[in-house]
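Participant: One structure follows; several queries about it will come next.
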Amino acid sequence: MIRKFLATLILCTLALALPAESMAKKSEAQIQAELDKFVLAYVDKANKRMTINRKKPQIVREKGRYVARFTEIDRQSVQAEVRQSRSKHFQYVARLRYHELTFESEGKTRKEALKGPFRVVRERRLTEMPRYVKGKWEN
């Protein structure tokens with residue numbers, strides 16, 4: 001029992017003696033893992049927040065036919081790389097690359113256009129630069 005007490009006392013003393021910053025530092029692998037988690041959540045939120053999305057496509061009449069259209073980020077195209085930042089305001093910056101796809105389906109009626117099948121008619125390649133600020137990723 002005394003040994004446990006002394007071991008705990010030594011650990012506490014060492015923890016207090018070490019600078020807090022060195023204990024809080026994370027490895028680049030941990031930072032990358034946090035970035036990967038952030039990116040997937042970010043893409044899911046972005047796809048849900050788009051006003052014209054998979055669940056609520058835009059329907060327009062073009063050349064006597066109905067066209068249902070929506071845009072979303074392709075999850076499989078997402079790439080994120082961590083880089084050391086030169087800024088004094090944040091330690092890391094990431095390069096987030098992804099493809100934004102626009103899908104369309106045509107039909108004689110609105111229902112037919114909504115039914116699909118949807119095909120990709122446009123692809124945009126986009127890049128964003130999220131920052132690691134105060135222990136978390138933000139965009």
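Participant: Hey, among the residues in the stretch 96-127 that are among the small types (Gly, Ala, Ser) and in contact with a Leu (Cβ under 8 Å, 6 or more places away or on another chain), which one's nearest to Ser77 (Cα to Cα)? Quick ask: steps written out before the conclusion?
Facilitator: Residues of the stretch 96-127 that are among the small types (Gly, Ala, Ser), as a first pass: 105, 107, 113, 116.
Then drop every residue that is not in contact with a Leu (Cβ under 8 Å, 6 or more places away or on another chain), which leaves 105, 107.
On the way: Ser105: 22, Gly107: 29 Å.
Within the stretch 96-127, the match that is nearest to Ser77 (Cα to Cα) is Ser105.
Participant: Just give me the residues in the stretch 81-102 being touching a residue at least 40 places away in the same chain (Cβ under 8 Å) and either under 26 Å from Phe70 (Cα atoms) or among the charged types (D, E, K, R) (or both), in sequence order.
Facilitator: Result: Leu96, Tyr98.
Participant: Within the stretch 72-90, how many residues are in a loop (DSSP other than H, G, I, E, B), in contact with a strand residue (DSSP E or B) (Cβ under 6 Å, 6 or more places away or on another chain) and not small (Gly, Ala, Ser)?
Facilitator: Residues of the stretch 72-90 in a loop (DSSP other than H, G, I, E, B): 85-90.
Checking which are in contact with a strand residue (DSSP E or B) (Cβ under 6 Å, 6 or more places away or on another chain) leaves us with 85, 90.
Next cut, not small (Gly, Ala, Ser) only: 90.
The qualifying residues number 1.
Participant: Regarding the stretch 31-46, can at least one residue be identified that is in contact with a Lys or Arg (Cβ under 7 Å, 6 or more places away or on another chain) and under 14 Å from Lys136 (Cα atoms)?
Facilitator: No: the stretch 31-46 contains no residue that is in contact with a Lys or Arg (Cβ under 7 Å, 6 or more places away or on another chain) and under 14 Å from Lys136 (Cα atoms).
Participant: Let me ask something else. So which residues in the stretch 72-83 are touching an Asp or Glu at 6+ places or on another chain (Cβ under 8 Å) and crowded, with 16+ Cβ neighbours inside 10 Å, if there are any at all?
Facilitator: Correct list: Glu72, Ile73, Ala80, Val82.
Participant: Restricting attention to the stretch 25-46, which residues are of a type in the set (Lys, Arg) and closer than 18 Å to Ser85 by Cβ? Write out each step before concluding.
Facilitator: Of all residues in the stretch 25-46, those of a type in the set (Lys, Arg) come to 25-26, 37, 45.
Across the stretch 25-46, the qualifying residues are Lys25, Lys26.
Participant: OK, next. Residues of the stretch 37-58 being surrounded by 15 or more Cβ atoms within 10 Å (Cβ to Cβ) and within 30 Å of Gln91 (Cα to Cα), which ones?
Facilitator: Scanning the stretch 37-58 gives Phe38, Val39, Tyr42, Val43, Ala46, Asn47.
Participant: Restricting attention to the stretch 84-95, does a residue exist that is of a type outside the set (Val, Ile, Thr), closer than 20 Å to Lys45 by Cβ and either loosely packed, with under 15 Cβ neighbours inside 10 Å or in contact with a Leu (Cβ under 6 Å, 6 or more places away or on another chain) (or both)? Talk me through it step by step, then tell me what you get.
Facilitator: Just the residues of the stretch 84-95 that are of a type outside the set (Val, Ile, Thr), to begin with: 84-92, 94-95.
Those still in the list that are closer than 20 Å to Lys45 by Cβ too: 94-95.
This time we only want the ones that are either loosely packed, with under 15 Cβ neighbours inside 10 Å or in contact with a Leu (Cβ under 6 Å, 6 or more places away or on another chain) (or both), so: 94-95.
Among the residues of the stretch 84-95, at least one is of a type outside the set (Val, Ile, Thr), closer than 20 Å to Lys45 by Cβ and either loosely packed, with under 15 Cβ neighbours inside 10 Å or in contact with a Leu (Cβ under 6 Å, 6 or more places away or on another chain) (or both), which makes the answer yes.
Participant: Now for a different question. Run down Arg69, Arg124, Arg61 and say which single residue is surrounded by fewer than 12 Cβ atoms within 10 Å (Cβ to Cβ), in a strand (DSSP E or B) and in contact with an Asp or Glu (Cβ under 8 Å, 6 or more places away or on another chain). Working first, answer last.
Facilitator: On the way: Arg69 fails: surrounded by fewer than 12 Cβ atoms within 10 Å (Cβ to Cβ); Arg61 fails: in contact with an Asp or Glu (Cβ under 8 Å, 6 or more places away or on another chain).
It is Arg124.
Participant: Contact list please: Cβ distance under 9 Å, first residue in the stretch 121-139 and under 21 Å from Ala33 (Cβ atoms) and in contact (Cβ under 8 Å) with a residue 60 or more places away in the chain, second residue of a type in the set (Asp, Glu) and in a strand (DSSP E or B), pairs at least six apart or on different chains.
Facilitator: Pro130/Glu138; Tyr132/Glu138; Asn139/Glu128
Participant: Which condition from (1) more than 12 Å from Val39 (Cα to Cα); (2) surrounded by fewer than 16 Cβ atoms within 10 Å (Cβ to Cβ); (3) acidic (Asp, Glu) is the one that Glu106 breaks?
Facilitator: Tallying (1) more than 12 Å from Val39 (Cα to Cα); (2) surrounded by fewer than 16 Cβ atoms within 10 Å (Cβ to Cβ); (3) acidic (Asp, Glu), Glu106 fails exactly one: (2).
A short reminder: the numbers here are calculations on the coordinates, not readings from a lab. It should be emphasised that the depicted structure is a prediction, and the values quoted were computed from it without experimental measurement. For neighbour counting, all protein chains shown are included, and Cβ atoms are generated from backbone atoms with ideal geometry for every residue, glycine included.
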